[in-house]
1. Rounded, prolate or oblate: which one fits the stretch 35-122, using the alpha carbon gyration tensor with axes a ≥ b ≥ c (rounded when a/c is under 1.5, else prolate when a/b beats b/c, else oblate)?
2. Which residue, Ile299, Ile141, Ile175, tops the fluctuation ranking in a GNM of the chain built on C-alpha contacts under 10 Å?
3. Just need the relative contact order of the chain here, percent rounded to a whole number, with Cα pairs under 8 Å and 6+ apart.
4. Would you tell me the accessible area of Leu219, worked out with a 1.4 angstrom probe on the heavy atoms of the protein chains, in Å² to the nearest 10?
5. Given that compact globular proteins tend to follow 2.2 N^0.38 Å, what is the ratio of the alpha-carbon Rg of the stretch 151-283 to that value?
6. When the C-alpha atoms of the stretch 31-297 are aligned to their principal axes, what extent does each axis show, in angstrom, from largest down?
7. Using +1 at the Cβ of each Lys and Arg and -1 at the Cβ of each Asp and Glu in the chain, identify which of Leu154, Gly124, Tyr13 lies farthest towards the dipole's positive end.
8. Distance between Cα centroids, the stretch 196-273 to the stretch 131-162: provide it in whole Å.
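The values are calculated or read from the model by the stated rules, or taken from the named source; none is laboratory data. Worth saying up front: this structure is predicted, and the values here are computed from it rather than measured. Counting neighbours? That spans all protein chains shown, and the Cβs are built from the backbone with ideal geometry, glycine included. These area figures cover heavy atoms from the full protein model, side chains too; ligands, DNA and RNA do not enter into them. Shrake-Rupley method; radii C 1.70, N 1.55, O 1.52, S 1.80 Å.
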Amino acid sequence: MAYGTDPRDRYSYGEVSDSDRREFLKALGVIAGGSVAGATLNDLRQNVSTETTSGLAEMGTALQDGLTGTLDAALLSEQLAALTESVESLPELEAMGVPDAGAEAYQSLTTPAWEINDHLAEVGFFASAEETLPAFTPDHIETTTRQLVHIDGLPATLSEVGFAEREQTALVVNIVNAREQLSWWMATPDYPPADAVDDGVVYEYVAPLHQRAAEGALLWTDGLDHYLWQREPLVTGEMIDRGLWDVKSMLGGYYLLGSAARDLAAEDIADDHLTTLTTASTALMIISQEFLITDVIRITDDKRAPRSAVSN
């Protein structure tokens, strides 16, 4: 996360500080004063105005029209229920600390999300999303976040998957405060081809943007069992705590994506909400996996457990 404005000082681990929320509101053109820590999504809604959503609705319609298969509402509902159980088990992972050799505690979290992922890929959801939605430009993030905080059912949906009010606010604030970093994730066709530059891509081997983000989040989570066990002498309690927030955020993002797809299958979602939730959920998975790398994967000397603790 070295590009753009470094968001590390503005990343919320479940608690939103005054400065975090002020930065969020400033990005959306709102001047905030007074104490703002611990604000709920309803508080944000009262501060943030909505703009015309006709463009978002058109995108949502195009996304739906671009599907090549039929979404299975029953499958999605079943796996979403299982995903809530995954999130409910996170306190057990906190108590466990570093997994034992051969453990699959983290990997088991993602099983229902992988089922959802495979289904969405099969019906062309990811391909259609990349074709019809903008990449993560700061403007698109700001527009969709304005809409996001005004979705009536958002707090209830996030509550279903275990996010308390302050945590819900942290998720939304993190999206906007990391918007510059999100813009570095491009749609596959926007990367230069392999035959043009040394670091170009072969398009047929690169998944669509939203699929790359979703599968990246799941793969990073899957790898934590072995990674943490392998580096146990270096791992601190703070790393575990921060990593679990990152994992919870990724699973929460996947829950939002799966819920939007389930509601689409049931014809129970507005077109502009489909665009908004697809964008926001993918943004959460991008942000969280990038911070997981910073919080847990790249263990620098200033973060590692003290050497004296290792020798004991």
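1. oblate
2. Evaluated over the chain, the most mobile residue of the options is Ile299.
3. 30 percent
4. 110 Å²
5. Compared with the compact-globule rule of thumb, the stretch 151-283 sits at 1.23.
6. Result, largest extent first: 55, 53, 40 Å.
7. Positive-end residue among those listed: Tyr13.
8. Using only Cα atoms to place each centre, the spacing works out to 16 Å.
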